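Please read the structure below before turning to the comments.
Just so it is clear, none of the values below were taken in a lab; they were calculated from the coordinates. All of these numbers come straight from a predicted model, not from anything done at the bench. We place every Cβ from the backbone using ideal geometry, glycine too, and count neighbours over all the protein chains shown.
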Amino acid sequence: MEIEERLRTLLLQGLDADTGAYQRFLKELSAHLRAFLRRRLAQRPDEVEDLVQETLLAVHNQRHTYRHDMPVTAWVHAIARYKLVDWLRSHAVKGAMNVPLDDAAELFSSSDSEAAEARRDLGQLLQTLPDRQRLPIVHVKLEGLSVVETARITGLSESAVKIGVHRGLKALAARIRGAT
């Protein structure tokens, strides 16, 4: 399972003091948790983000309990399930007994395939842009680099990077709307 290995690698690197890997672990994990909780709290969508943050905080606080021989997804699922049960109890949600809690595979499967499809679609859209627009978007918006770092990497001026991002996003929006 690709997601299991990726999350496990990122978590283990994070536990070995690689802060970048740990941030990527939490970011990827949050997308899966959000999808998992959104399905279970469909009638209360405003509560999902708070519960995602509580679960991420619990994962962070309990990271020292992770056993390297245990699947990360099972460990996270247990934490997410307990957080959801605690939330349901504390809010005395009617019908809480009907909320499915134990589908660990669901926590990671659909979100992962949706994310993969989105990455593929975004990659195809980005390929339609010229380098002077595509590269600034990739570096600044997707990789999180600064304008200065992107300018240094691409050889563009800082102004050209900013303009490339602006024009590129505008072009992507037009393509998405179907107005090429």
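The table below lists the values:
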{"item": "Ranked list, fewest to most other Cβ atoms within 10 Å of each Cβ, for Tyr82, Tyr66, Tyr22", "result": "Tyr82, Tyr66, Tyr22"}
{"item": "Integer Hz, Karplus 6.51/-1.76/1.60 couplings in order for region 12-23, x for Gly and Pro", "result": "5, 5, x, 5, 8, 6, 8, 5, x, 5, 5, 5"}
{"item": "Integer Hz, Karplus 6.51/-1.76/1.60 couplings in order for region 75-81, x for Gly and Pro", "result": "4, 5, 4, 4, 5, 4, 4"}
{"item": "Selection of GluC sites (Glu not before Pro), region 34-69, meeting DSSP coil and at most 13 other Cβ within 10 Å", "result": "none"}
{"item": "Residues Ile153, Ile3 arranged by fewest to most Cβ contacts within 10 Å", "result": "Ile153, Ile3"}
